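What follows draws every value from the coordinates through simple rules; no lab data is involved. Here the structure is a predicted model, which means the values were calculated and not measured. Cβ coordinates were reconstructed from backbone atoms using ideal geometry, including for glycine residues, and neighbour counts include every protein chain displayed.
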């Protein structure tokens, strides 16, 4: 065997020498026998080339070549070629590595390369514990060193066995990596391995790395230029994690660590939506110390237990809640106050094709009245019922046409992730991301099941209440079930769109997760206003136009969240809330109200009586709402300037804040007007608040942050906390669904205490 090996060396050296013999300068090829683990200084120039021949080695571990030098002209480097039986590896000393900056190149004078073992297939398939045993393997190396430098240069080389190459589960390993010294190790699945394993990587510095998982076949792509062309990879600076499925990498995989010459891929410059922070160039001596470990993920049984268990728990919750609602509908407050004739339904109400406009005299009477009652704004119950159900049809239509392209887009994203292996495309919590059904992060998709199932149960609750509680003409708050149906549909679609978003969470599709949160917030505010102003409430067309504008503004703010966009939004929103405040105070008749104010001013001058509000309660409520909104705008601008949040999250918080203000205002005004909160609504309100507080705690402790780079987002990653399957954001999903459910129920039962009270005695506020 050795005869053929040296004969091959002779032929290679002879052919090289003969090909260069025709050149103007003679070339001397110096063959030399070399020993493993021996540091060999080699002095050469343009006329001298060295060939180091290493004997065959029976080692089961691969070998790593280290080559380093000093004071070599980067333009005339030493070229190193290492030939094995099946592959050839080459590089230069100093090694030239391009940065992301134009014409900026770093030269590294300390280099190393790991030579993939020629018998990897035999070792990985026939050696379960990586011991020699009966297995016989061999590997041999020929190393050629040459340069074009006319002056003598000295390079030191060492070929050393990598004794920590094969890694095992549940052990922490430390390795050092630099841009010119990439490292890779091998992990093999054994009989005790779970169906998936999780690789956890930690570092104490901000050196940008690429961590790659590649199949166990040579060659290994371990340079900055080619590491992204094989397997699964992600950028890491301080923390990273990759979940590897056994079925994809049997019997094992290479785990590759490549340091980058700058931190562009881990900085805001590489973001789809870049911020002001710029990347920095590292020096050519940079190294980073990594700690990594490989752990079992959950088993198939744990998958099934968590998935089926949560579904059963949600169904039980829905059935019990629905049973309680059915009892309340028949034996609760509404049953004691039920004074209407059950046959007196909306079929007996006079049909109006349009709402007759009020005369100037009626409008002035409304504007000047200090104590308005519901009967003034509830003259067309049949018409208002139809308008109410328009919200349901609009919500359903928008949900259908909005969801179809969303689903198509995120499924395409997932396919791109699966095909390219680029785990920087999606902002997962990689420390608790369980793949299933071709989805990289199945648990975050599945945890939205609560929204869907609970939304369905809420619709059943509305159906039962509509069957029991009919529309009345004279007593109580006019019933508008269309808006409640729309809330139920919106809750279902929120679950579907949130699941779509979590297929591939990113900066470009965050809007999918929030759009129907906007819808639910607006529906709640519209419903509260409609209770006391049914005839003058906004139509579904107007309402959803406003929602569409809000979503459009959110898109602009996310794509280009500059200071100009923030200021433009703040100015526009300020004008909007002032106009809405006038409409609310003057009960929708702003022009007539302005005329009345002008008449007072003309008759009495500018005095206390002129500017004093007629309806002080409504004025105070509007004033408090305006102060709250302007405060939120100021806080939003402050947190933007300090780079704390993004525009989309701020807009969502603004809408949710107004929703809380409206619910609180309505509840307080009921108490001020000596209406009580019935025990059903009180129960739902207290339980809902408990769910909101608990869910909010988990929501605020985020495990990802899509406003930063993927590498920076991984620093927020956290482990699973529930059933070893769900993380804190999953728990937020599971708790916020019943929180919304009880909030809707609170609104639905809120006015049951006045269901037998004549509308001419129910105050408008």
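Okay, here's what the table says:
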| item | result |
| --- | --- |
| Debye intensity ratio I(q)/I(0), log10, region 612-689, q values 0.12 Å⁻¹ (C-alpha model) | -0.50 |
| Chain lengthening between residue 43 and residue 161 when straightened (0.36 nm per residue, less Cα-Cα) | 40.1 nm |
| Three-way shape call for region 50-119 based on the alpha-carbon gyration tensor, with the a/c threshold at 1.5 | prolate |
| Segment residue 30-residue 579, extension gain: residue separation times 0.36 nm, minus the distance between their alpha carbons | 188.7 nm |
| Euclidean distance between Cα centres, region 551-577 to region 670-741, Å | 27 |
| Label zone at residue 170, where the point sits 7 Å out along the Cα-to-Cβ direction: region 288-311 residues whose backbone N lies under 13 Å | 294-297 |
| Relative packing of 719-732, 83-96, 447-460, which averages over residues the other C-beta atoms within 10 Å, highest first | 447-460, 719-732, 83-96 |
| By average C-beta atoms within 10 angstrom, highest first, the peptides 65-73, 637-645 | 65-73, 637-645 |
| Label zone at residue 541 (point 7 Å along Cα-to-Cβ), backbone N below 16 Å, region 384-414 | 384, 386-395 |
| Region 157-237: C-alpha gyration tensor shape, a/c 1.5 cut-off, then a/b vs b/c | rounded |
| Nitroxide proxy distance, nm - points 7 Å out along Cα→Cβ at residue 756 and residue 125 | 8.5 |
